Amino acid sequence: MEQFEVMLGHHILLPFRQLRYDHRPVPIGNKALQILSTLAAAKGQIVTKYDLMNIVWSGLIVDENALHVHVASARRALGSDARLLITVRGLGYRLDSRLTDYNSVTELRQYSSIAVLAFLNMTGNPAMDYLGDGISEELINSLSRTPHIKVSSRTSSFAFKHNNVDARHICEKLGVDALVEGSVRMAGARVRITAQLIDGEDGAHKWSKNFDHEFADLFVLQGDITDGIMQSLERFLNVG
């Protein structure tokens, strides 16, 4: 069976095995872990209370209150990410798929060197170039502070701005294992940042996610988006 790891906000769930935070195991009861794992397998769909009890307490007859107790335990284990475990009143539970990433463990590769390209301005307004450039620079700074990770300089990586060059060629030129690239779009007062991680060996997309944010305080926007991307990239970084 193909195994997955699931990013639940700041936590990483290895279904039916372990919950992690900041590379460390999180104490969680077996029933709470099974509940989270079952919901993760549903990928954002509602799992009814009946189905959850059937799976977690297979072959046993239990009171619905037992389910409520262990759901509460799962939320305590998730801490600030507890909001991702959503109660669907009268039906059951689900995980918030907007803040949940799935990645096949069999395909997971960790990188020791990386480059961040200038994010592409797709707003139609050339004056908005500064927004994508700023997010790219923030990412470079954040990655540079990550132990044991080699990060290509802004000057080197931004040299490929506006050049339609294959990712594998860029990685070879910069001497890195992977690239982060992205784009900026706007709709009214909202900004959508799309970020992608590309393997330098085969050019395959290893991860991609959209980040939506109100366009108000520029520094808050850049900081929030950078934090979100860094949290998603963490599991791909070989920090030694």
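Can you tell me how many residues in segment 18-46 are modelled with pLDDT of 85 or more, assigned to a loop (DSSP other than H, G, I, E, B) and touching a Phe, Trp or Tyr at 6+ places or on another chain (Cβ under 8 Å)?
Number of matching residues: 1.
Does V88 satisfy the condition of being surrounded by fewer than 17 Cβ atoms within 10 Å (Cβ to Cβ) and over 23 Å from G228 (Cβ atoms)? Working first, answer last.
Numbers: surrounded by fewer than 17 Cβ atoms within 10 Å (Cβ to Cβ): yes; over 23 Å from G228 (Cβ atoms): yes.
Considered against the rule, which asks whether it is surrounded by fewer than 17 Cβ atoms within 10 Å (Cβ to Cβ) and over 23 Å from G228 (Cβ atoms), V88 comes out as yes.
Rundown of residues vs (1) farther than 22 Å from Y130 by Cβ; (2) surrounded by 18 or more Cβ atoms within 10 Å (Cβ to Cβ), yes/no style:
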site: R168; (1), (2): yes, no
site: S183; (1), (2): no, no
site: T194; (1), (2): no, no
site: F236; (1), (2): yes, yes
site: V239; (1), (2): yes, no
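One residue is enough: does segment 174-197 have a residue meeting the conditions modelled with pLDDT under 85 and closer than 22 Å to L8 by Cβ?
No, segment 174-197 contains no residue that is modelled with pLDDT under 85 and closer than 22 Å to L8 by Cβ.
Kindly indicate whether I170 is at pLDDT below 90 and part of a helix (DSSP H, G or I). Please lay out each step first, then the result.
Working: at pLDDT below 90: no; part of a helix (DSSP H, G or I): yes.
For I170, the condition - at pLDDT below 90 and part of a helix (DSSP H, G or I) - is not met.
Among the candidates I114, I140, which residue alone is modelled with pLDDT of 95 or more, surrounded by 15 or more Cβ atoms within 10 Å (Cβ to Cβ) and in contact with a Lys or Arg (Cβ under 6 Å, 6 or more places away or on another chain)?
Testing whether each residue is modelled with pLDDT of 95 or more, surrounded by 15 or more Cβ atoms within 10 Å (Cβ to Cβ) and in contact with a Lys or Arg (Cβ under 6 Å, 6 or more places away or on another chain) leaves just I140.
What's the number of the only condition in (1) part of a helix (DSSP H, G or I); (2) over 17 Å from I229 (Cβ atoms) that E138 fails to meet?
With (1) part of a helix (DSSP H, G or I); (2) over 17 Å from I229 (Cβ atoms) applied to E138, the lone miss is (2).
Being assigned to a strand (DSSP E or B), in contact (Cβ under 8 Å) with a residue 24 or more places away in the chain and within 17 Å of M122 (Cβ to Cβ) is the filter here; which residues of segment 182-236 pass it?
Correct list: G182, S183, V184, R185, M186, R190, V191, I193, A195, K209.
Every residue, every condition in (1) loosely packed, with under 15 Cβ neighbours inside 10 Å; (2) closer than 15 Å to L131 by Cβ; (3) out of contact with any His (no Cβ under 7 Å at 6 or more places or on another chain), yes or no:
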position: A159; (1), (2), (3): no, no, yes
position: N163; (1), (2), (3): yes, no, yes
position: F211; (1), (2), (3): no, yes, yes
position: E214; (1), (2), (3): yes, yes, yes
position: Q222; (1), (2), (3): no, yes, yes
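When only residues in segment 120-135 that are over 24 Å from the mean Cα position of the chain (by Cα) and in a helix (DSSP H, G or I) count, which is nearest to Q222 (Cα to Cα)?
Per the stated criteria, the residue is Y130.
What number goes with the only condition from (1) at pLDDT 90 or above; (2) assigned by TED's automatic domain parsing to the domain that holds Y21; (3) within 18 Å of the chain's Cα centre (by Cα) that V71 does not pass?
V71 satisfies all of (1) at pLDDT 90 or above; (2) assigned by TED's automatic domain parsing to the domain that holds Y21; (3) within 18 Å of the chain's Cα centre (by Cα) except (3).
Starting from segment 62-73, take each residue that is closer than 16 Å to I28 by Cα and in contact (Cβ under 8 Å) with a residue 40 or more places away in the chain and list its partners that are surrounded by 13 or more Cβ atoms within 10 Å (Cβ to Cβ) and not charged (D, E, K, R), counting only C-beta distances under 8 angstrom and pairs at least six apart or across chains.
H70/G29; H70/A32; H70/I35; H70/V56; S73/I28; S73/G29; S73/A32
The values are calculated or read from the model by the stated rules, or taken from the named source; none is laboratory data. Just so we're clear, the structure is a prediction, and the values are computed from it rather than from any experiment. Positions of Cβ are backbone-derived with ideal geometry, glycine not excepted, and every protein chain shown enters the neighbour counts.
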